[in-house]
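> Before we start, here is the structure in question, set down as structure tokens.
The values are calculated or read from the model by the stated rules, or taken from the named source; none is laboratory data. Here the structure is a predicted model, which is why all the values come from computation and not from measurement. Because the Cβ atoms are built from the backbone with ideal geometry, glycine has one as well, and the counts that use them run over all protein chains shown. Keep in mind that these areas ignore ligands, DNA and RNA; they rest on the heavy atoms of the full protein, side chains included. Shrake-Rupley method; radii C 1.70, N 1.55, O 1.52, S 1.80 Å.
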Amino acid sequence: MKINTLISAALALSLAGTAAHAEGQLRIAEQFGIVYLLLNIAQDQKLIEKHGKAAGLDIKVENVKLSGGAAVNEALLSGSIDIAGAGVGPLLTIWDRTAGKQNVRGIASLGNFPYYLTSNNPAVKTIADFTDKDRIALPAVGVSVQSRILQLASAKRWGDAQFNRLGKLQVALPHPEATAALVKGGTEVNAHFGNPPFQEQGLAGNPAVHIVLKSYEVLGGPASATVLYTTEKYRRDNPKTYAAFIAALGEAARLASTQPELAADIFIRSNNSKLERDFLIKIIKNPEVQYKLTPQNTYTLADFMHRVGAIKSRPGRAQDYFFDDAHNAAAN
């Protein structure tokens, strides 16, 4: 009995040591665009480290850039990253896939941003005008939030059975390359479902580029298209690191809301951006943009994805696929 007690105590100490060792490591995957501004601010201002030190913890933060929700999800499940930054679509996909296993859920929104589907083809005024000759660039075919929103728009127009009607026209392309193709013209890519600042670059860079569809119109209002998520284990085993990350995001959101000029400077530094400062400030100050951690208007997409079989489990509410943190209490 004493031997078993000693073994149990040693095992408990070993597990505690492992958890303690894990605390203080934070590897974050982000993608391209101003939708990741809060992460840029947190990194540039070392806010995660600041809040970690306030809790008596030194946190080593590593930021990696990936393109597309599929790549981000693979990195999270392989253990290459701790925090994933991607669209609501990829979150719902991995939440459904890992239920009862890694139990991935959302941490927070990165804010509400309008996403535009644009085209340089003058014949394309609505999604109904696309033909087999058109190609729509987006981060990941079928699974990116842009692709899912386009599927939802198609379902609203032609019925659920036709939700993937435009799937054959989609091509996976990072936002910078897609924007360049749209501005230059003359390539097979003549449409782009982007995000800020790339959609604004396209509109400013080529007079033929115009808006075909707005995400807010499809989702029923301002929506949190881009979110952060992690595994249940990481959140459980790293409470201080996790709390410092949440606090840093909140501080970053306040800075973006109240100091757009500084936020623009940080974006330029963090991304080696060649965009004009005033151009960026205008995007950051767009009244349609809201810097907040509480997810908004995500359930419409979740319900749709279950309805068409993209996810097996039907969430009853947004809190099913977001962790029960205070800022997620009003998630919808």
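> For W95, W158, write out the residues from largest to smallest accessible area, computed with a 1.4 angstrom probe and no ligands counted. It would help to have the intermediate numbers written out before the result.
Values: W95 35, W158 65 Å².
Most to least solvent-accessible, the answer reads W158, W95.
> Sort out for me the Cα centre separation of the range 263-329 from the range 54-71, rounded to whole Å.
So the two Cα centres are separated by 17 Å.
> What is the Rg over Rh value, at two decimals, for the range 251-332, using alpha-carbon atoms and the Kirkwood definition of Rh?
1.13
> Using a Förster distance of 35 Å, how high is the FRET efficiency between V308 and D58, based on the Cβ-Cβ distance and rounded to 0.05?
0.15
> Subtracting the Cα-Cα distance from 0.36 nm times the residue separation, let me have the gained length for R269 to S78 in nm, one decimal.
The span from R269 to S78 would gain 65.8 nm if fully extended.
> 7 Å from Cα along Cα→Cβ at both E288 and K214: what's the point-to-point distance in nm?
Taking the two extended label points, one gets 0.4 nm.
> Could you rank the peptides 284-296, 25-37, 98-110 by their average count of other C-beta atoms within 10 Å per residue, with the highest value first?
Result, highest mean first: 25-37, 98-110, 284-296.
> What number, rounded to the nearest 500 deg cm²/dmol, is the helix-based mean residue ellipticity at 222 nm of the chain, given -39500 (n - 2.57) per DSSP H run of at least four residues and division by all its residues?
-13500 deg cm²/dmol
> Further, regarding this structure: Collect residues whose amide H, placed 1.01 Å from N in the peptide plane, falls under 5 Å from the amide H of Q25; neighbours closer than 5 in sequence don't count.
Under 5 Å from the amide H of Q25: K60.
> Shifting gears a bit: Whole number in Å², please: accessible area per residue of the range 115-248, 1.4 Å probe, ligands, DNA and RNA not counted.
Normalised by residue count, the accessible surface of the range 115-248 is 38 Å².
> What is the magnitude of the charge dipole of the chain about its Cα centre, with +1 placed on the Cβ of each Lys and Arg, -1 on the Cβ of each Asp and Glu, and no other charges, expressed in debye to the nearest 20?
Computed about the Cα centre, the dipole is about 460 debye.
> Something else about it: If you roll a 1.4 angstrom probe over the protein chains with everything in place, what fraction of the accessible area of the range 126-187 belongs to carbon and sulfur, to the nearest %?
Ligands and nucleic acids excluded, carbon and sulfur reach 52 percent.
> Shifting gears a bit: Skipping prolines and chain starts, which residues have an amide H placed within reach, meaning under 5 Å, of the one on F322, given they are 5 or more residues away or on another chain?
Excluding prolines and chain starts, which carry no amide H, the hits are G106.
> Can you list the GluC sites (Glu not before Pro) in the range 246-284 that are in a DSSP coil and have 14 or fewer other beta carbons within 10 angstrom?
Counting only loop positions with at most 14 other Cβ atoms within 10 Å, the GluC sites (Glu not before Pro) in the range 246-284 are E276.
> Still on this structure, please answer the following. Of [x] 21.3, 73; [y] 20.8, 81; [z] 30.0, 103, which is the value of Rg and Dmax of the Cα atoms in Å derived from the coordinates here?
So the structure-derived entry is [y].
> Now for a different question. Pop out the ³J(HN,Hα) list for the range 30-37 in order, Karplus 6.51 cos²θ - 1.76 cosθ + 1.60 with θ = phi - 60°, rounded to Hz; leave Gly and Pro as x.
Karplus-based 3J(HN,Hα) across the range 30-37 equals 10, 10, 9, x, 5, 4, 9, 4 Hz.
> Using a Gaussian network model on the chain with a 10 Å cutoff between Cα atoms, which of A123, A75, A247 fluctuates the most?
Answer for the Gaussian network model of the chain: A123.
> Efficiency by 1/(1 + (r/R0)^6): what FRET value for D324 and Q25, r their Cβ-Cβ distance, R0 = 22 Å, to the nearest 0.05?
0.40
> Answer with one residue from I281, P174, A108: the one whose Cα lies farthest towards the positive end of the charge dipole of the chain, charges on Cβ with Lys, Arg +1 and Asp, Glu -1.
It is A108, whose Cα lies furthest towards the positive end.
> I've got another one for you. Relative to the first principal axis of the alpha-carbon coordinates of the chain, what is the inclination of helix 260-271, with its axis defined by its Cα atoms, in degrees from 0 to 90 and to the nearest 10?
It works out to around 80 degrees.
> Once ligands and nucleic acids are excluded and a 1.4 Å probe is used, how much of V64 is accessible, expressed in Å² to the nearest 10?
40
> Sticking with this one: Within straight cross-link reach of K46, meaning Cα distance under 12 Å, which aspartates and glutamates are found once same-chain residues fewer than 8 apart are removed?
D58, E62, E251
> Of all accessible surface on the range 205-332 at a 1.4 Å probe, what whole percent is carbon and sulfur?
Its accessible area is 50 percent carbon and sulfur atoms.
> I would also like to ask the following. Out of all DSSP beta bridges with both ends in the chain, state the antiparallel percent to the nearest 5.
Bridges in the chain are about 55 percent antiparallel.
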